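Undergrad: Below: one structure in structure tokens.
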Amino acid sequence: MSVLLMLSIILFVLMLVVGGVKGIGAFISLWISFAILVVMMLLISFQFNPFWVLLIGGSCLLTVTVLSAGADERTTTIALLASFLVMIMLLVVILPTEHLVIAQGFAEENSEDLEGLSLAINIDFGTLGIVAALLATLGAIAEASVAITTGVGELLNERPNISNKDLIDVSQVLGKQIIGTAVNTVLFGFLADFLSLAVLFGKLQYTFGEIINAKLFTSSMLSLLYALLGVLLTLPVTIGIFLLYQKRQKHHTSGEKL
């Protein structure tokens, strides 16, 4: 039995014990997301348009992640809509930023690993960097969106006639707590990934200026900032969608009374 299979079995058992049926759904969605990522990489390597692959594949990943939460129809719909909008907003930010910083592709530190390998793979690393940067944010976006939508949805179930002002105030308090946790999750993940890179820079005796100008550091830092920006954008976008939903519900209710 391979290590990967053993770890997968342990993960399945733990998710089943802790989450029950939802745990099984989350486990299945994990492998579906992995399969989608593999298909996306294959399509890009076969010279399909990376942006179309990114938009379609990213939408599929967000859909699978949000649906795996097992929430009600309203929560799922609003979370999906908020996630899609934030993804488009981030893409608008990532496109010019990646072209300006030119941090895509291999760095000088990768030269030994690439020695003797052919680099004639006919893929634009600038476009590939944009795809990788956006994909790195989708998990944080979906997690924050589902958490905020679920919390605000429970509030509306308890107080269906709540005013827009009170809804915004309570949602901001709730959203800030959720965002604080999500930001810490993203930050800790970055620090864990950056640990080996920090050791490399230390062993190579890089100066502070060399570190902040290194392509590896720049790309890692940009991925962190994109994820943090996505989490922060999720709160106002989700609240805005809920306000539109409340307005539509009140208009529908008043129309029925007439």
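The values are calculated or read from the model by the stated rules, or taken from the named source; none is laboratory data. Everything quoted here is computed from the prediction, not taken from an experiment. All Cβ positions, even for glycine, are placed from backbone atoms using ideal geometry, and neighbour counts span all protein chains on display. The protein model used for the area step is the full one, side chains on, heavy atoms only, and it has no ligands, DNA or RNA in it. Shrake-Rupley method; radii C 1.70, N 1.55, O 1.52, S 1.80 Å.
Undergrad: Name the single residue that is farthest from V64 (Cα to Cα) among those in the range 29-48 being touching a residue at least 24 places away in the same chain (Cβ under 8 Å) and β-branched (V, I, T).
TA: I44
Undergrad: Looking at (1) surrounded by 14 or more Cβ atoms within 10 Å (Cβ to Cβ); (2) among the small types (G, A, S); (3) more than 23 Å from L138 (Cα to Cα), find the lone condition where G57 falls short.
TA: Failed condition: (3).
Undergrad: Moving on. Output the number of the condition that I130 fails; it satisfies all remaining conditions of (1) β-branched (V, I, T); (2) assigned to a loop (DSSP other than H, G, I, E, B); (3) in contact with an Asp or Glu (Cβ under 9 Å, 6 or more places away or on another chain).
TA: (2)
Undergrad: For the range 169-227, enumerate the residues that are farther than 20 Å from I94 by Cβ, open to solvent by 40 Å² or more (accessible area, probe 1.4 Å) and either touching a residue at least 60 places away in the same chain (Cβ under 8 Å) or outside any helix (DSSP H, G or I) (or both).
TA: Listed by number, the residues that qualify are Q172, L200, L204, Q205, Y206, T207.
Undergrad: Moving to a separate point now. Tell me the residue from I24, I78, I32 that is farther than 14 Å from L134 by Cβ, open to solvent by less than 50 Å² (accessible area, probe 1.4 Å) and out of contact with any Cys (no Cβ under 6 Å at 6 or more places or on another chain), please. It would help to see each step written out before you state the result.
TA: Numbers: I24 fails: open to solvent by less than 50 Å² (accessible area, probe 1.4 Å); I32 fails: open to solvent by less than 50 Å² (accessible area, probe 1.4 Å).
None of the other options fit; the residue is I78.
Undergrad: Being in a helix (DSSP H, G or I), of a type in the set (A, V, I, L, M, F, W, C) and either open to solvent by 40 Å² or more (accessible area, probe 1.4 Å) or more than 30 Å from I44 (Cα to Cα) (or both) is the filter here, so list the residues in the range 133-168 that pass it.
TA: Here is the first cut: in the range 133-168, the residues in a helix (DSSP H, G or I) are 133-158, 164-168.
In the following step, the residues that additionally are of a type in the set (A, V, I, L, M, F, W, C) were identified as 133-136, 138, 140-142, 144, 146-148, 152, 155-156, 167-168.
L135, A136, A147, I148, V152, L155, L156, L167, I168, listed by residue number.
Undergrad: Right, another one. Would you point out the residue of the range 123-132, among those that are open to solvent by 10 Å² or more (accessible area, probe 1.4 Å) and not hydroxyl-bearing (S, T, Y), that is modelled with the highest pLDDT?
TA: Here is the first cut: in the range 123-132, the ones open to solvent by 10 Å² or more (accessible area, probe 1.4 Å) are 123-129, 132.
Next, only the ones that are not hydroxyl-bearing (S, T, Y) stay: 123-126, 128-129, 132.
On the way: I123: 70, D124: 70, F125: 70, G126: 71, L128: 77, G129: 76, A132: 80.
The extreme case among them is A132.
Undergrad: Another question, if that's okay. With respect to the numbered conditions (1) open to solvent by 80 Å² or more (accessible area, probe 1.4 Å); (2) at pLDDT below 85, which one is the sole condition not fulfilled by P50?
TA: Going through the list (1) open to solvent by 80 Å² or more (accessible area, probe 1.4 Å); (2) at pLDDT below 85, P50 breaks only (1).
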